[in-house]
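Trainee: This structure is in structure tokens; I'll ask about it shortly.
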Amino acid sequence: MDEDFDIPPAEEMNEDLDLPDDAPIIKVGEEKEIGKQGLKKKLVKEGEGWDTPDVGDEVEVHYTGTLLDGTKFDSSRDRGTPFKFTLGQGQVIKGWDQGIKTMKKGENAVFTIPSDLAYGESGSSPTIPPNATLQFDVELLSWTSVKDICKDGGIFKKILTEGEKWENPKDPDEVLVKYEARLEDGTVVAKSDGVEFTVKEGHFCPALSKAVKTMKKGEKVVLTVKPQYGFGETGKLRQGDEGAVPPNATLEITLELVSWKTVSEVTNDKKVLKKILKEGEGYERPNEGAIVKLKVTGKLQDGTIFLKKGYGEEEELFEFKTDEEQVIDGLDRGVMTMKKGEVALLTFAPEYAFGSSQSQEELAVVPPNSTVYYEVELVSFVKEKESWDMNTEEKIEAAGKKKEEGNVLFKAGKYARASKRYEKAVKFIEYDTSFSEEEKKQSKALKVACNLNNAACQLKLKDYKQAEKLCTKVLDLESSNVKALYRRGQAYIHLADLDLAEFDIKKALEIDPDNRDVKLEYRTLKEKMKEYNRREAKFYGNMFAKMNKSDSVDSNKAASKDAEPMSIDSKA
């Protein structure tokens, strides 16, 4: 393309582009209008796939430009060299920026471009007259994606090599990258053939962390980095193998995301972390009650090994049943997030490890309040049978077993764990439409018992709202269940719903007038109601006293104002 057309001098090139939101669907041989400014497109050859270039992308095309009478004024084909430009940046006429944005790779189309989207009244002497409508036969050969990844012009990313799959690293992940950073004059200021860092903590300059979060494994890019994501107004002094970066310098960084290790939070309090060292197979994970077999190494922060199991040729794998307190809580929780064959580094805060006590382990002593590290390979597991894999008899048997496990845990004061057992018991028999009449009776009795026991757990755990819901479930099945009324009454007292509490406890006494526990709770309720009434009386008493005092002051002021003129009148 000749120089005048390549970089048109027209001032309108800097105006906002009227880019169409959606390209019209066009069949080969058809011509349709694009946008609302008279630009027309006739499809000559279909392109590949569905993707089209975006604003900022570097596109490569072949073209031939003619006037409406067929006069050719320019052709990259004649020169034998494709034409490259950045889309949507005003480097070409508006009709090109709008039209090529609708093309797919390999597509060939003829664009008819009105003068307003070309060279307008001035034309382009000597080949293009004023007010000329132009036609361009364009083939989109390829494009390189260039993205403004921070949406503020601070970092532009051009993809050199596409990555694999679709995942991107996140803040906690550890990435392995190769990079080379240069100044605008080509001076290399930093280079690494492989450096590992946590995305959130970053490396070299802020741009690396920003960029890797948009990249896929194996992706290679060139970053244009403005000072705010480089080294800002201060620059950077020479340090070791890294060169100096002047103040307000723009950097060009070639960056390759070699791989990364996913780091996830197993618990909501961020005190159990898992870093995947090797991906596992499939999608299934152990459930509560699964039998797992592991290779495991436990270490202290200083590297001291206190546990090593399953690595010898003849040594048995480390085996345990999940959710049975057979191992430290962190290992229990962590393993249930793993897949078969997965290797992970698990980090446990003291609360999920050995706590505040010293622990003599197989190979070393674990000091009090130690954060510990377990490298674990999940060799195999056998899941506990789920309800959908059971017949009706097995479901009732499994529910009864979980109820008994819950009872043992409740008596041991382990209310949260007991609650989970009762919940699981109810899930086994939640849907009983296929049960026989006898099985339905057994199922109902188990649901009542488990929900009542779970309500007792929730009262101990001070989750009064959940306790109230569980008791309501029981009362939906047995409206005269004294224990459900009693425990729901307790929950209502703690929730300060004293009227509802009184209703439930009175009803329980009507059903079982001699129940000692219910009588005691009724006394507690009466005391609560008296205390509540005293507080209410005091509150309103104080409020009325303040109101009366205020009214008295206002009355005195009014009387004073009335007295003054009377005094004056008496003297007259």
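The values are calculated or read from the model by the stated rules, or taken from the named source; none is laboratory data. These numbers were taken from a predicted model, which means no experiment stands behind them. Please note: Cβ atoms are built from the backbone with ideal geometry, for glycine as well, and neighbour counts cover all protein chains shown. Accessible surface areas use protein heavy atoms only, side chains included; no ligands, DNA or RNA. Shrake-Rupley method; radii C 1.70, N 1.55, O 1.52, S 1.80 Å.
Trainee: For residues that are in contact with a strand residue (DSSP E or B) (Cβ under 7 Å, 6 or more places away or on another chain) and acidic (D, E), scanning just the range 190-223, find the one that is most open to solvent (accessible area, probe 1.4 Å).
Mentor: D193
Trainee: Return the only residue of G341, G400, G334 being at pLDDT 95 or above, over 21 Å from I276 (Cβ atoms) and among the small types (G, A, S). Show your work before the answer.
Mentor: Working: G341 fails: over 21 Å from I276 (Cβ atoms); G334 fails: over 21 Å from I276 (Cβ atoms).
Among G341, G400, G334, only G400 is at pLDDT 95 or above, over 21 Å from I276 (Cβ atoms) and among the small types (G, A, S).
Trainee: I'm trying to understand the selection: among the residues of the range 428-480, which are more than 19 Å from I493 (Cα to Cα) and among the small types (G, A, S)?
Mentor: S434, S436, S443, A445, A449, S479, S480
Trainee: So, one more: Every residue in the range 71-95 that is within 18 Å of V146 (Cα to Cα), out of contact with any His (no Cβ under 9 Å at 6 or more places or on another chain) and either touching a residue at least 60 places away in the same chain (Cβ under 8 Å) or open to solvent by less than 20 Å² (accessible area, probe 1.4 Å) (or both), please.
Mentor: F85, T86, L87, G88, G90, Q91, V92
Trainee: With the requirement that a residue be touching a residue at least 40 places away in the same chain (Cβ under 8 Å), buried (at least 16 other Cβ atoms within 10 Å of the Cβ), over 17 Å from S75 (Cα atoms) and among the small types (G, A, S), what does the range 123-144 give you?
Mentor: Of everything in the range 123-144, just one residue is touching a residue at least 40 places away in the same chain (Cβ under 8 Å), buried (at least 16 other Cβ atoms within 10 Å of the Cβ), over 17 Å from S75 (Cα atoms) and among the small types (G, A, S), namely A132.
Trainee: Next question. Suppose the filter is within 20 Å of F197 (Cβ to Cβ) and of a type outside the set (D, E, K, R); does T262 pass it?
Mentor: For T262, the condition - within 20 Å of F197 (Cβ to Cβ) and of a type outside the set (D, E, K, R) - is met.
Trainee: Condition check: closer than 21 Å to V61 by Cβ and of a type in the set (A, V, I, L, M, F, W, C). Does V177 satisfy that? Don't jump to the end; show me each part of the working.
Mentor: On the way: closer than 21 Å to V61 by Cβ: no; of a type in the set (A, V, I, L, M, F, W, C): yes.
For V177, the condition - closer than 21 Å to V61 by Cβ and of a type in the set (A, V, I, L, M, F, W, C) - is not met.
Trainee: Output the residue which, of all residues in the range 39-49 that are touching a Lys or Arg at 6+ places or on another chain (Cβ under 7 Å) and either of a type in the set (S, T, N, Q) or farther than 27 Å from A132 by Cα (or both), is surrounded by the most Cβ atoms within 10 Å (Cβ to Cβ).
Mentor: Filtering the range 39-49 for residues that are touching a Lys or Arg at 6+ places or on another chain (Cβ under 7 Å) and either of a type in the set (S, T, N, Q) or farther than 27 Å from A132 by Cα (or both), the one surrounded by the most Cβ atoms within 10 Å (Cβ to Cβ) comes out as G47.
Trainee: Let me ask something additional. Given T371, T392, which one is modelled with pLDDT under 95 and touching a helix residue (DSSP H, G or I) at 6+ places or on another chain (Cβ under 7 Å)? Don't jump to the end; show me each part of the working.
Mentor: Details: T371 fails: modelled with pLDDT under 95.
T392 is the lone residue from the list that is modelled with pLDDT under 95 and touching a helix residue (DSSP H, G or I) at 6+ places or on another chain (Cβ under 7 Å).
Trainee: Within the range 349-370, can you find the residues that are closer than 21 Å to G312 by Cβ, of a type in the set (D, E, K, R) and open to solvent by 60 Å² or more (accessible area, probe 1.4 Å)?
Mentor: So in the range 349-370, the residues closer than 21 Å to G312 by Cβ come out as 361-364.
This time we only want the ones that are of a type in the set (D, E, K, R), so: 361-362.
Of everything in the range 349-370, just one residue is closer than 21 Å to G312 by Cβ, of a type in the set (D, E, K, R) and open to solvent by 60 Å² or more (accessible area, probe 1.4 Å), namely E362.
Trainee: Which of the residues that make up the range 310-324 are in contact (Cβ under 8 Å) with a residue 40 or more places away in the chain and charged (D, E, K, R)?
Mentor: D323
Trainee: So which residues in the range 106-122 are at pLDDT 95 or above, open to solvent by 20 Å² or more (accessible area, probe 1.4 Å) and over 14 Å from K40 (Cβ atoms)?
Mentor: Passing the criteria: only N108.
Trainee: Please indicate, with yes or no, whether at least one residue in the range 139-157 is more than 25 Å from the chain's Cα centre (by Cα) and more than 30 Å from K105 (Cα to Cα).
Mentor: No; the residues of the range 139-157 include none that is more than 25 Å from the chain's Cα centre (by Cα) and more than 30 Å from K105 (Cα to Cα).
Trainee: OK, next. Given the condition at positive phi, over 27 Å from the mean Cα position of the chain (by Cα) and of a type outside the set (D, E, K, R), answer yes or no: does some residue in the range 239-258 qualify?
Mentor: Yes, the range 239-258 contains at least one residue that is at positive phi, over 27 Å from the mean Cα position of the chain (by Cα) and of a type outside the set (D, E, K, R).
Trainee: So which residues in the range 29-51 are within 16 Å of T112 (Cα to Cα) and not in a strand (DSSP E or B)?
Mentor: Within the range 29-51, G29, E30, G35, K36, Q37, G38 qualify.
Trainee: Continuing with this model, one more query. With the requirement that a residue be of a type in the set (G, A, S) and at pLDDT below 95, what does the range 158-185 give you? Write out each step before concluding.
Mentor: Our first condition is that a residue be of a type in the set (G, A, S); within the range 158-185, this holds for 163, 181.
Correct list: G163 only.
Trainee: Checking N451 against (1) at pLDDT 95 or above; (2) touching a Gly at 6+ places or on another chain (Cβ under 7 Å); (3) not aliphatic (A, V, I, L, M): exactly one of these is not met. Which one?
Mentor: Condition not satisfied by N451: (2).
Trainee: Name the pairs whose Cβ atoms lie under 8 Å apart, with the first residue in the range 243-265 and closer than 13 Å to K220 by Cβ, the second of a type in the set (S, T, Y) and buried (at least 16 other Cβ atoms within 10 Å of the Cβ), and 6 or more positions between them or separate chains?
Mentor: Taking only residues 6 or more apart or on different chains, the pairs are I253/Y179; T254/Y179; L255/Y179; E256/Y179.
Trainee: Report every pair of residues separated by at least 6 positions or lying on different chains whose Cβ atoms are under 7 Å apart, first residue within the range 464-476 and closer than 11 Å to V448 by Cβ, second in a helix (DSSP H, G or I) and among the charged types (D, E, K, R).
Mentor: Close Cβ pairs satisfying both conditions: C471/R487; C471/R488.
Trainee: Just one of (1) more than 13 Å from F111 (Cα to Cα); (2) modelled with pLDDT of 95 or more trips up L39, so point out which.
Mentor: (1)
Trainee: For the subset of the range 315-336 comprising residues that are more than 26 Å from P172 (Cβ to Cβ) and among the hydrophobic types (A, V, I, L, M, F, W, C), which member is least open to solvent (accessible area, probe 1.4 Å)?
Mentor: F320
Trainee: A further question follows. Can you tell me which residue in the range 145-157 is least open to solvent (accessible area, probe 1.4 Å), limited to those that are out of contact with any helix residue (DSSP H, G or I) (no Cβ under 7 Å at 6 or more places or on another chain) and within 19 Å of P227 (Cβ to Cβ)?
Mentor: G153
Trainee: Quick one: how many residues across the range 277-299 are without any contact (Cβ under 8 Å) to a residue 60 or more places away in the chain and on the phi > 0 side of the Ramachandran plot?
Mentor: Summing the residues that are without any contact (Cβ under 8 Å) to a residue 60 or more places away in the chain and on the phi > 0 side of the Ramachandran plot in the range 277-299 gives 1.
Yes or no, residue by residue, for (1) among the small types (G, A, S); (2) farther than 30 Å from A399 by Cβ; (3) in contact with a Pro (Cβ under 6 Å, 6 or more places away or on another chain); (4) open to solvent by 60 Å² or more (accessible area, probe 1.4 Å):
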residue	(1), (2), (3), (4)
E313	no, yes, no, yes
M338	no, no, no, no
T347	no, yes, no, no
V372	no, yes, no, no
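Trainee: For G154, all conditions in the list (1) farther than 22 Å from K261 by Cβ; (2) without any contact (Cβ under 8 Å) to a residue 24 or more places away in the chain hold save one; what is the number of the exception?
Mentor: G154 satisfies all of (1) farther than 22 Å from K261 by Cβ; (2) without any contact (Cβ under 8 Å) to a residue 24 or more places away in the chain except (2).
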